Amino acid sequence: VAIIQQLDHSSLDEIRTAIEAQLKARAAEKNISINITYDNGQNDNSMLNQIATNVVADEADLIIPIATLAAQAAVTAAEGTDIPIVYAAISDPETAGLTGIPTVTGVSDALNTPFILDMMLAAQPDVKTVGLLYSNSEINSQTPIAEAKAYLDAKGIAYLEKTGNTAGEVLEAAASMV
């Protein structure tokens, strides 16, 4: 089993750790051995593509990509093979092009944007402006940001929109909103 993680991130690390633990537990229950490999693409498309290509060349029995760019790389690399791909942490699988492929399935972590914004208003009903900070390099950002804008427009609440793809860009964008 090859696990490909898009980048270091506490929630993605937690997903990977839980997957590894479950795979090991199931293997132990069935008294079988399992070989789990793990690679991290450090949020670099070239690196993710190379990792996925290597995993396919090594004829993995199963690929588990964690996060969108890792999943897209795995699907592209495995095209024309029958290697199953079970993705995790994909906010919008359809927009990311991960649906309708017979060997691909997984778990979405789609946001319930209206619910999140309702909670914000419950805690801070007099909010005037909301900062929307997201990665414009990830197609998954499109749907929740569009939902947030529509929600805020309907409530007559202004918003500031900033993007960032690296830690430095995110910090700079957040600081500029403040």
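The values are calculated or read from the model by the stated rules, or taken from the named source; none is laboratory data. Predicted model only: the values in this text are computed from it and were never measured. A quick note on method: Cβ atoms are made from the backbone with ideal geometry, for glycine too, and the neighbour counts reach across all protein chains shown. What goes into the accessible areas is simple: the full protein's heavy atoms, side chains included, and nothing from ligands, DNA or RNA. Shrake-Rupley method; radii C 1.70, N 1.55, O 1.52, S 1.80 Å.
Residue pairs whose Cβ atoms lie under 6 Å apart, sitting 6 or more positions apart in sequence or on different chains, and linking a residue in the stretch 46-67 that is within 20 Å of Gly97 (Cβ to Cβ) to a partner that is assigned to a loop (DSSP other than H, G, I, E, B) and of a type in the set (S, T, N, Q), are Ala67/Gln6. In the stretch 98-118, which residues are assigned to a loop (DSSP other than H, G, I, E, B) and under 15 Å from Ser141 (Cβ atoms)? Of everything in the stretch 98-118, those that are assigned to a loop (DSSP other than H, G, I, E, B) and under 15 Å from Ser141 (Cβ atoms) turn out to be Asp109, Ala110, Leu111. Filter the stretch 38-85 down to the residues that are in contact with a strand residue (DSSP E or B) (Cβ under 9 Å, 6 or more places away or on another chain) and among the β-branched types (Val, Ile, Thr) and list them by number. Within the stretch 38-85, Ile51, Val55, Val56, Ile63, Ile64, Ile66, Thr68, Val75, Ile83, Ile85 qualify. For the stretch 119-169, the candidate set comprises residues that are part of a loop (DSSP other than H, G, I, E, B) and of a type in the set (Val, Ile, Thr); within that set, the residue that is modelled with the lowest pLDDT is Thr166. When Tyr87, Tyr38 are checked against the criterion of being open to solvent by 70 Å² or more (accessible area, probe 1.4 Å) and assigned to a strand (DSSP E or B), a single residue qualifies: Tyr38.
Restricting attention to the stretch 45-84, the residues being part of a loop (DSSP other than H, G, I, E, B), more than 10 Å from the chain's Cα centre (by Cα) and either surrounded by 15 or more Cβ atoms within 10 Å (Cβ to Cβ) or of a type in the set (A, V, I, L, M, F, W, C) (or both) number 4.
Identify the single condition in (1) open to solvent by less than 60 Å² (accessible area, probe 1.4 Å); (2) more than 15 Å from the chain's Cα centre (by Cα); (3) more than 18 Å from Ile64 (Cα to Cα) that Thr103 does not satisfy, given that it satisfies every other one. The single condition Thr103 does not satisfy is (3).
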